[in-house]
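The values are calculated or read from the model by the stated rules, or taken from the named source; none is laboratory data. A quick note: this is a predicted structure, and the numbers were derived from the prediction, not measured. Neighbour counts run over all protein chains shown; Cβ positions are idealised from the backbone, glycine included. Remember, those area values only see protein heavy atoms, side chains included, never the ligands or the DNA or RNA. Shrake-Rupley method; radii C 1.70, N 1.55, O 1.52, S 1.80 Å.
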Amino acid sequence: KLASRGLVSIIIPTCASGGLVAMCVDSLREKTAYTKFEIICVENIPGDQQEWKSWLQSSVDKVVSTAKPFNWSRFNNLAAQHASGEFLLFMNDDIEVIDPQWLDSMLEHGERPEVGVVGAMLLYKDRSIQHAGLALTNVLGRARHLFRHAREDDPGYFGMAQSVRNVIGVTGACMLTRRETFD
């Protein structure tokens, strides 16, 4: 159960490549059960794609524009300065929401003080696992995606692919943290 109903600032860097950001934002609005969120897009959309700049202005809560070359960290830090949320959720613009409870599930753990960051299980279009946490390998300093390309319903080793658990890291494609932790 959620202890609070804090505002979540969903931060999405985009250059509107292939229009994926529309699918992302539309699925957020249409399929997310937890409704206390704002969507902030950091855009560096090329000048010849004005229709996407206009679409963003009318479809998200805040747009932060920059002409600087894409840099994931810089763009997310820039957007965080404009975020009002108690929680920050960093998301790639090619993510599509498929489960209405996804944000509630992430917040259940994100509001726990001993948790620094919460990741999501991400699936490829064929519904195989793209991301279910990271583990360190025997090569110093390298991490790998756990259960990559396994079937969505594959339990994995001791059921770990289907379990909420601690991992060494999560992908920045979809991760939630408390604002105070980020700051």
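Indicate, rounded to the nearest 5 percent, the antiparallel portion of the DSSP beta bridges found entirely in the chain.
Close to 50 percent.
Can you give the relative contact order of the range 36-183 as a percent, counting alpha carbon pairs under 8 Å and 6+ residues apart?
It rounds to 24 percent for the range 36-183.
Treat each spin label as a single point 7 Å out from the Cα along the C-beta direction, and report the Tyr124 to Arg151 distance in nm.
Rounded to a tenth, the inter-label distance reads 1.6 nm.
Can you list residues from other chains, or at least 5 along the same chain, whose modelled amide H is less than 5 Å from the amide H of Gly133?
Excluding prolines and chain starts, which carry no amide H, the hits are Leu146, Thr171.
Can you give the FRET efficiency for Arg112 and Asn71, using 1/(1 + (r/R0)^6), R0 = 35 Å, r = Cβ-Cβ distance, to the nearest 0.05?
With R0 = 35 Å, the Cβ-Cβ based efficiency is 0.70.
Tell me, what is the Rg over Rh of the chain, with Rh the Kirkwood radius over Cα pairs?
Rounded to two decimals, Rg over Rh is 0.97.
Between the range 7-66 and the range 121-183, what is the C-alpha centre distance in whole Å?
25 Å
Rank these by accessible area, largest first, 1.4 Å probe: Arg29, Arg5.
Arg5, Arg29
Taking θ as phi - 60°, what are the ³J(HN,Hα) couplings along the range 154-166 by the Karplus curve (6.51, -1.76, 1.60), each to the nearest whole Hz, with x for Gly and Pro?
In residue order, the calculated couplings are 5, x, x, 4, 6, x, 5, 5, 10, 10, 6, 7, 6 Hz.
Kindly state, to the nearest 0.05, the FRET efficiency for Gln57 paired with Thr137, given R0 = 41 Å and r defined as their beta-carbon distance.
0.40
Enter the angle in degrees (range 0 to 90, nearest 10) between the Cα long axis of helix 20-31 and the first principal axis of the Cα atoms of the chain, meaning the one along which they spread out most.
For 20-31 against the chain, the angle is about 70 degrees.
Any chance you could count the Lys pairs in the chain whose alpha carbons are under 22 Å apart, treating pairs 8 or more apart or on different chains as valid?
7
Measuring from label point to label point, each 7 Å out along Cα→Cβ, what is the Phe158 to Leu20 span in nm?
3.4 nm
For the range 1-141, what is the accessible area per residue in Å², given a 1.4 Å probe and the full set of protein chains?
So the range 1-141 comes to 51 Å² accessible per residue, rounded to a whole number.
Considering amide H positions built from the backbone, and no H for Pro or chain starts, which residues 5 or more places from Glu38, or on another chain, come under 5 Å of its amide H?
Under 5 Å from the amide H of Glu38: Val8, Ser9, Ile10.
Going from most exposed to least, what order do Phe70, Phe37 have by accessible area with a 1.4 Å probe?
The ordering from most to least exposed comes out as Phe70, Phe37.
Per residue of the range 124-137, what does 6.51 cos²θ - 1.76 cosθ + 1.60 with θ = phi - 60° give for ³J(HN,Hα)? Whole Hz please, x for Gly and Pro, Karplus curve as stated.
6, 4, 7, 6, 8, 6, 8, 8, 9, x, 10, 10, 6, 9
Could you give me the ³J(HN,Hα) list for the range 80-92, computed from phi with Karplus coefficients 6.51, -1.76, 1.60 and θ = phi - 60°, whole Hz, x at Gly and Pro?
Once rounded to whole Hz, the list reads 4, 5, 9, 7, 9, x, 6, 10, 10, 10, 8, 9, 6.
Compute the acute angle (0 to 90°) between the alpha-carbon long axis of helix 50-59 and the principal axis of greatest extent of the alpha-carbon atoms of the chain; round to the nearest 10°.
Around 70 degrees separate the two axes.
Using 10 Å bins from zero, what percent of all Cα-Cα pairs in the range 74-174 falls into each bin?
With a bin width of 10 Å, the distribution comes to 13, 43, 35, 9, 0.
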